[in-house]
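Peer 1: Right, I'll just put the structure down here and ask away after.
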Amino acid sequence: MKEDKPQPKRVDLEAALEELPIFPLSQVALFPHARLQLHVFEQRYRRMLADCLAGHGVMAITMVPDPADIIDDEGNPRIAAVAGVGYIAEHEQMADGRSNIVLVGLKRVRIEELPYKGTYRRVRATVLRPLETRVSEVERAALIAAATAFLREVKKRNLDFKLELDSNDASVLADACAQHLVLNPDVRQRALEELDPVARVALVTRELAMQRATLTAGEARDLN
């Protein structure tokens with residue numbers, strides 16, 4: 001993908017929080033430091049992308065728990081109260097107006113939807129600060145072990161899949177694993193909403209262990 005990185009002066013999170021554009025997606029979350037590739041094709045989100053690129057350079061990804069849970073006359077579904085906000089790190093526009101973008105996560109935010117106007121939804125957002133709890137080295141090692149074991153199973157099915165587990169910060173590792181390895185969208189959203197690093201690491205560790213057990217159990221059934 002061709003890179004078109006906004007200049008740092010255009011990435012202004014504080015300026016965006018009072019009226020933050022949102023991209024509601026089913027089963028998708030955005031964690032701090034994570035990279036999320038998106039294909040923008042709907043007209044309203046093309047407009048939103050253009051406004052973001054011309055302005056503060058950020059948008060929020062909001063989970064849609066149930067697309068059938070419509071909340072207004074515009075047909076908009078309910079969104080989760082905690083979202084991930086990120087900046088547009090890469091942008092490739094196609095000849096027909098569609099775009100491929102890469103968002104890089106910045107913060108967790110609690111959101112309050114603003115009255116609908118224009119072509120896309122906006123929220124007022126408040127940055128959520130993590131609790132200052134310390135993840136022990138034992139807990140960090142358990143997370144890495146669970147992630148490594150699950151990755152081993154994934155690579156049996158997809159040799160090209162890669163995820164570097166090289167951060168010394170267990171909270172950052174848990175976020176990366178939640179973004180790229182956790183399959184259950186409800187668990188992924190719980191991890192996004194969890195501000196206690198110890199609890200978040202434990203949640204992701206358990207989920208990855210269960211996912212690996214499910215994969216290996218499936219393999220055992222196939223052999224019988």
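Peer 1: Identify the residue in region 12-33 that is open to solvent by 40 Å² or more (accessible area, probe 1.4 Å) and among the small types (Gly, Ala, Ser) and, among all such residues, is farthest from ALA81 (Cα to Cα).
Peer 2: ALA15
Peer 1: Kindly list, by first and then second residue, each pair from a residue in region 59-85 that is more than 19 Å from GLY118 (Cα to Cα) to a residue that is part of a loop (DSSP other than H, G, I, E, B) and open to solvent by 50 Å² or more (accessible area, probe 1.4 Å), limited to pairs with Cβ atoms under 6 Å and residues at least 6 apart or on different chains.
Peer 2: Partner pairs satisfying both residue conditions: VAL64/SER26; PRO67/SER26; ASP69/ARG78.
Peer 1: Give the residue that is farthest from ARG206 (Cα to Cα), with candidates limited to residues of region 121-136 that are touching a strand residue (DSSP E or B) at 6+ places or on another chain (Cβ under 6 Å) and part of a loop (DSSP other than H, G, I, E, B).
Peer 2: For region 121-136, the residue satisfying everything is ARG121.
Peer 1: For region 34-77, name all the residues that are among the β-branched types (Val, Ile, Thr) and either open to solvent by 30 Å² or more (accessible area, probe 1.4 Å) or over 14 Å from the mean Cα position of the chain (by Cα) (or both).
Peer 2: Of all residues in region 34-77, those among the β-branched types (Val, Ile, Thr) come to 40, 58, 61-62, 64, 70-71.
Answer for region 34-77, where residues must be among the β-branched types (Val, Ile, Thr) and either open to solvent by 30 Å² or more (accessible area, probe 1.4 Å) or over 14 Å from the mean Cα position of the chain (by Cα) (or both): VAL40, ILE70, ILE71.
Peer 1: Which residue is farthest from the chain's Cα centre (by Cα), if the candidates are limited to region 100-145 and must be open to solvent by 70 Å² or more (accessible area, probe 1.4 Å) and closer than 21 Å to LEU36 by Cβ?
Peer 2: Among residues in region 100-145 that are open to solvent by 70 Å² or more (accessible area, probe 1.4 Å) and closer than 21 Å to LEU36 by Cβ, the one farthest from the chain's Cα centre (by Cα) is PRO130.
Peer 1: Filter region 146-162 down to residues that are in a helix (DSSP H, G or I) and open to solvent by 100 Å² or more (accessible area, probe 1.4 Å) and give me whichever is modelled with the lowest pLDDT. Walk me through how you get there before you give the answer.
Peer 2: Of the residues in region 146-162, the ones in a helix (DSSP H, G or I) are 146-157.
Narrowing further to those that are open to solvent by 100 Å² or more (accessible area, probe 1.4 Å): 152, 156-157.
Numbers: ARG152: 90, LYS156: 85, ARG157: 82.
Ranking the candidates gives ARG157 first.
Peer 1: Hey, can you tell me all the residues within region 104-118 that are in a strand (DSSP E or B) and within 30 Å of ASP73 (Cα to Cα)?
Peer 2: Matches in region 104-118: ARG108, VAL109, ARG110, ILE111, GLU112, GLU113.
Peer 1: All but one of (1) at pLDDT below 95; (2) open to solvent by 50 Å² or more (accessible area, probe 1.4 Å); (3) not in a loop (DSSP other than H, G, I, E, B) hold for ASP96; which doesn't?
Peer 2: (3)
Residue-by-condition table, conditions (1) open to solvent by less than 40 Å² (accessible area, probe 1.4 Å); (2) in a loop (DSSP other than H, G, I, E, B); (3) modelled with pLDDT of 95 or more; (4) under 24 Å from SER26 (Cα atoms):
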{"residue": "VAL182", "(1), (2), (3), (4)": "yes, yes, yes, yes"}
{"residue": "GLN189", "(1), (2), (3), (4)": "yes, no, yes, yes"}
{"residue": "LEU192", "(1), (2), (3), (4)": "yes, no, yes, yes"}
{"residue": "ARG200", "(1), (2), (3), (4)": "yes, no, yes, yes"}
{"residue": "LEU203", "(1), (2), (3), (4)": "yes, no, yes, yes"}
{"residue": "GLU207", "(1), (2), (3), (4)": "yes, no, yes, yes"}
{"residue": "THR216", "(1), (2), (3), (4)": "no, no, no, no"}
{"residue": "GLU219", "(1), (2), (3), (4)": "no, no, no, no"}
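Peer 1: While we're here: Given the options LEU173, LEU165, name the one that is without any contact (Cβ under 8 Å) to a residue 40 or more places away in the chain, open to solvent by 30 Å² or more (accessible area, probe 1.4 Å) and touching a helix residue (DSSP H, G or I) at 6+ places or on another chain (Cβ under 9 Å). Step through it out loud before you land on a result.
Peer 2: Working: LEU173 fails: open to solvent by 30 Å² or more (accessible area, probe 1.4 Å).
Every option except LEU165 fails the conditions.
Peer 1: Let me ask something additional. Are any residues in region 186-198 of a type in the set (A, V, I, L, M, F, W, C), touching a residue at least 40 places away in the same chain (Cβ under 8 Å) and out of contact with any Pro (no Cβ under 7 Å at 6 or more places or on another chain), and if so, which ones? Please lay out each step first, then the result.
Peer 2: Taking region 186-198 as the starting set, the residues that turn out to be of a type in the set (A, V, I, L, M, F, W, C) are 187, 191-192, 195, 198.
Still in the list and also touching a residue at least 40 places away in the same chain (Cβ under 8 Å): 191-192, 195, 198.
Within region 186-198, ALA191, LEU192, VAL198 qualify.
Peer 1: In this structure, does GLU139 turn out to be touching a strand residue (DSSP E or B) at 6+ places or on another chain (Cβ under 9 Å), of a type in the set (Asp, Glu) and at pLDDT 95 or above?
Peer 2: Details: touching a strand residue (DSSP E or B) at 6+ places or on another chain (Cβ under 9 Å): no; of a type in the set (Asp, Glu): yes; at pLDDT 95 or above: yes.
In short, no.
Peer 1: Of all residues in region 124-162, how many are among the aromatic types (Phe, Trp, Tyr) and in contact (Cβ under 8 Å) with a residue 60 or more places away in the chain? Please lay out each step first, then the result.
Peer 2: Within region 124-162, the subset among the aromatic types (Phe, Trp, Tyr) is 150, 161.
In the following step, the residues that additionally are in contact (Cβ under 8 Å) with a residue 60 or more places away in the chain were identified as 150.
Summing the residues that are among the aromatic types (Phe, Trp, Tyr) and in contact (Cβ under 8 Å) with a residue 60 or more places away in the chain in region 124-162 gives 1.
The values are calculated or read from the model by the stated rules, or taken from the named source; none is laboratory data. All values reported here derive from a predicted model rather than from experimental measurement. In this analysis, Cβ positions are derived from the backbone assuming ideal geometry, glycine residues included, and neighbour counts consider all displayed protein chains. Only protein heavy atoms, including side chains, enter the accessible area calculation; ligands, DNA and RNA are left aside. Shrake-Rupley method; radii C 1.70, N 1.55, O 1.52, S 1.80 Å.
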